[in-house]
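Notes to accompany the following structure.
The values are calculated or read from the model by the stated rules, or taken from the named source; none is laboratory data. Keep in mind that this is a model prediction, so the values were computed, not measured. When we count neighbours, we look across all protein chains shown, and the Cβ atoms used for this are built from the backbone with ideal geometry, even at glycine. The protein model used for the area step is the full one, side chains on, heavy atoms only, and it has no ligands, DNA or RNA in it. Shrake-Rupley method; radii C 1.70, N 1.55, O 1.52, S 1.80 Å.
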Amino acid sequence: MGFFRIRTTVDERPGRLASLATALADKGGNILGLSVQPDTDGTVDEFVTDIPASPEAVREALEAAGGRRVRIVPATAHELTDEPTRTLLLAARLRSAPWRLPEILGELLRADDARWVYGASAAQSRSEDGDRAEGEALELPDPTLLVVPVAPRRSIRLRRSGLPFTLTEAARAAAMVRLAQPPAEPSAAEGPVRLADGAEVQVKPLTSLYREALRDLHERCSPETRRFRYFTANPTLPPRMFDRLCDRARGHSLVAGHDGQVVALASLMFTADPGIAEIAFLVEDRWQGRGLGGRLARMLLAQARDLGFAEVRATLLYDNTRMRRLLSSLGATLSHTEDPGVMEGRIAVGVMATASPS
């Protein structure tokens, strides 16, 4: 018998986790710990197990059950600590000794090595490791190396040879970093916004006062614009959907106004999946291509970050090229769904810097 940490990627389909658990049970395994993490091309299921079978036999069984990229590394009884409790204890240590940030990040992610990188070295590491410009998401081209930005020219580099880092772990690391930094200014979710062409719009939270203004916005939008937003060209916004968009317990929505009219609607909606929210936009045709959608998107992503979400998703029609470009500019990972006409964009919020106004 031996302790192992087992990680595998699976497609997001009902019954996949049960299939993996059955495969482990068939090999005599006892599951002692479980975590589920969203990632770029599926769900990462991680098990801590006490299992008599050889790693190779376990790998073959999990692959037969639908697992991909199966990784198995030795574990210890110490790793059976309740994960939320362990994270809270590390956060408490960080608050009392913020200079120990690399050490604490290393423990958080069970890294083999964690160290500061500074100045040109930090910038070079961020470039080599796929970190985009400020305001965009961190990519993981080398999954065993993670660079977590702390300041413009200061980062922490972590290495872990056994298990690749996931985007969820990158988001956790970024959230821990924020604990060691001075309190950030609240993200601006209302006020004037000046676009690149000089036009100015007023952004405000959506309330029931905008019911008629949103009805007018939908009537002014072309059928194609409405289809891209709702997957149907229905010219009206059902009252039930409007009430849901206004419900702050279910999400946060913003409206952009100009010259007495609402010209755009942007929504951040909470989901049943812990740590995941969804975004969607409706921009009047004559305001498209002027940067308004990007400005609203960054406001929503800043709100998602401040609310503690690890990931934001968007579902879009394949022929919505403007939305695809917008999501790509935000560092999203785009993938196809089971419907060939529908795509999904996923953004790891925790690894984004403060939203850029550009």
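If only Cα atoms are counted, what is the Rg of the chain, and what is its Dmax, in Å?
My reading of the Cα-based Rg and Dmax gives 22.3, 72 Å.
Sort Arg194, Arg227 by accessible area with a 1.4 Å probe, largest first.
Arg194, Arg227
Probe 1.4 Å, all protein chains in place: accessible area of His78 in Å², nearest 10?
140
On the accessible surface of region 220-346, probed at 1.4 Å, how many percent belong to carbon and sulfur atoms?
51
Near the amide H of Gly331, under 5 Å away, which other amide H atoms are found, from residues 5 or more places off or on another chain, if H is placed in the peptide plane?
Ala137
Taking the Cα centre as origin and putting +1 on Lys and Arg beta-carbons and -1 on Asp and Glu beta-carbons, what dipole magnitude results for the chain, to the nearest 20 debye?
Around 680 debye, computed over the chain.
Answer with one residue from Ile347, Ile51, Ala65: the one whose Cα lies farthest towards the positive end of the charge dipole of the chain, charges on Cβ with Lys, Arg +1 and Asp, Glu -1.
Going by the Cα projections, it comes out as Ile347.
Order Ser19, Ser208, Ser253, most accessible first, counting only protein heavy atoms with a 1.4 angstrom probe.
Putting Ser19, Ser208, Ser253 in descending order of accessible area: Ser208, Ser19, Ser253.
Across 5 Å bins from the origin, how do the percents of Cα pairs in region 144-295 run, short distances first?
Calculated over all Cα pairs of region 144-295, the distribution is 2, 8, 14, 16, 15, 12, 11, 9, 8, 4, 1, 0 percent.
Can you work out the accessible area per residue across region 252-351, with the rest of the protein chains kept in place, probe 1.4 Å, in square angstrom?
Roughly 37 Å² per residue, with all protein chains present.
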